[in-house]
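What follows is a short report on a single structure.
The values are calculated or read from the model by the stated rules, or taken from the named source; none is laboratory data. Predicted, not measured: the structure shown is a model, and the values here were computed from it. Neighbour counts run over all protein chains shown; Cβ positions are idealised from the backbone, glycine included. Quick note on the areas: whole protein, heavy atoms, side chains included, nothing else; ligands and nucleic acids left out. Shrake-Rupley method; radii C 1.70, N 1.55, O 1.52, S 1.80 Å.
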Amino acid sequence: MDIYALGTLSSDGAAPFPAIVQNGNVLPLALILSDAPADLGAVFADWELYGPKIEAAMASPPTSGWRAESDFAVHLPFMPGQLLGAGANYRRHVIELIVAKGSGGAEHLSPEERRVWGTNFMDQRAATGLPFIWVGLHGAIAGSHDTLILPKDVTQPDWELELAVVIGKAARRVALADALDHVAGYTIANDVT
């Protein structure tokens, strides 16, 4: 089976709809699932039901009903209930932010001392298995074609392309061995700071 993506698209001013996107083509989810919800939020809210159905349908996808991806406007796939960031791979970036801004209790230190402090801070987090975690604001989420409105005092925004993990079922204190059972899929995200 080829890799596919789920997206929210629209065309000709019609309401956005959930769809399969594969190899530059789009197929409305309703064409492969008779009980397809009207939005991807509902799909992910009940991923244990819809995930296997979509997988089964995409094992031998239909040959008709597909349209070119370029015919559609792309929207934010769905508005997640929570946005959590984990900075395990942000070591150098977090250290640079600490050096530049002196945040996290290092405001009174010189830039050189901030670098040492930030390096020790991130190394300690890595050694103890405690990732650098933050919660993203729900209202700060934007789609790939949405206009980003930055505060007027921001003169040099920063960004990083990130791997985003879409969680498909409620989870709390999940054992490492069971973690991937909760993943619905992956996407990319542009983290603008």
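Just tell me which lysines come within less than 24 Å, Cα to Cα, of residue 101; anything on the same chain fewer than 8 places away is out. Cross-link targets: 152.
Karplus-derived 3J(HN,Hα) values for segment 129-142, using 6.51 cos²θ - 1.76 cosθ + 1.60 with θ = phi - 60°, are x, 9, x, 7, 10, 9, 9, x, 6, 4, x, 8, 8, 9 Hz; glycine and proline are entered as x.
Within the same chain, lysines fewer than 8 places from residue 169 are excluded, and of the rest, those with a Cα less than 16 Å from its Cα are 53.
Subtract the Cα-Cα distance of residue 110 and residue 163 from 0.36 nm times their separation in residues, and report this length gain in nm to one decimal.
That works out to 15.8 nm of additional length.
Using a cut-off of under 18 Å, list every residue of segment 88-110 whose amide N is near the label point 7 Å from the Cα of residue 137 along the Cα-to-beta-carbon line. In segment 88-110, the label zone of residue 137 (backbone N under 18 Å from the point 7 Å along Cα→Cβ) covers no residue.
When the alpha carbon coordinates of segment 152-193 are projected onto the principal axes, the ranges are 43, 19, 15 Å, largest first.
About its Cα centre, the chain has a charge dipole of approximately 420 debye under the convention of +1 per Lys or Arg Cβ and -1 per Asp or Glu Cβ, with nothing else charged. The HN-Hα couplings worked out from phi for segment 97-112 by the Karplus form 6.51 cos²θ - 1.76 cosθ + 1.60 (θ = phi - 60°) are 5, 5, 5, 6, 10, x, 7, x, x, 9, 4, 7, 8, 6, x, 5 Hz, whole numbers, x standing for Gly and Pro.
Put simply, the amide H of residue 136, placed in the peptide plane, has neighbours under 5 Å in 83, 84, 85, leaving out anything fewer than 5 places away on its chain.
Distance between the 7 Å Cα→Cβ label points at residue 83 and residue 30: 2.9 nm. Surface composition of the chain: carbon and sulfur atoms hold 57% of the protein heavy-atom accessible area at a 1.4 Å probe. In this structure, residue 145 and residue 174 have a Cβ-Cβ separation that, at R0 = 41 Å, corresponds to a calculated FRET efficiency of about 0.75.
Computed on protein heavy atoms with a 1.4 Å probe, the accessible areas place 79, 58 in the order 79, 58, largest first.
In the complete set of protein chains, residue-level accessible area for residue 144 is approximately 90 Å², probe 1.4 angstrom. Between residue 23 and residue 152, full extension at 0.36 nm per residue minus the direct alpha carbon distance yields a gain of 42.5 nm. Computed over protein heavy atoms with a 1.4 Å probe, the accessible surface of segment 17-122 works out to 56 Å² per residue. For the chain, the relative contact order works out to 19 percent when only alpha carbon pairs closer than 8 Å and six or more residues apart are counted. Over all projection directions, the Cα-based convex hull of segment 1-95 averages an area of 8.2 nm². Note on the chain: percent of Cα-Cα distances in each 10 Å bin, starting at 0 and stopping at the bin with the largest distance, equals 7, 27, 29, 20, 11, 4, 0.
The HN-Hα couplings worked out from phi for segment 44-53 by the Karplus form 6.51 cos²θ - 1.76 cosθ + 1.60 (θ = phi - 60°) are 6, 5, 10, 4, 4, 7, 7, x, x, 5 Hz, whole numbers, x standing for Gly and Pro.
Residue 90 contributes about 20 Å² of solvent-accessible surface, heavy atoms of the protein only, 1.4 Å probe.
Taking amide H as placed 1.01 Å from N in the peptide plane, residue 6 has its amide H under 5 Å from the amide H of 21, each at least 5 places away in sequence or on another chain. Rounded to the nearest 20, the size of the Cβ-charge dipole of segment 1-107 about its Cα centre is 360 debye, with Lys and Arg at +1 and Asp and Glu at -1. Which whole-number percent of Cα pairs in segment 51-125 have a distance greater than 15 Å? Everything past 15 Å amounts to 72 percent.
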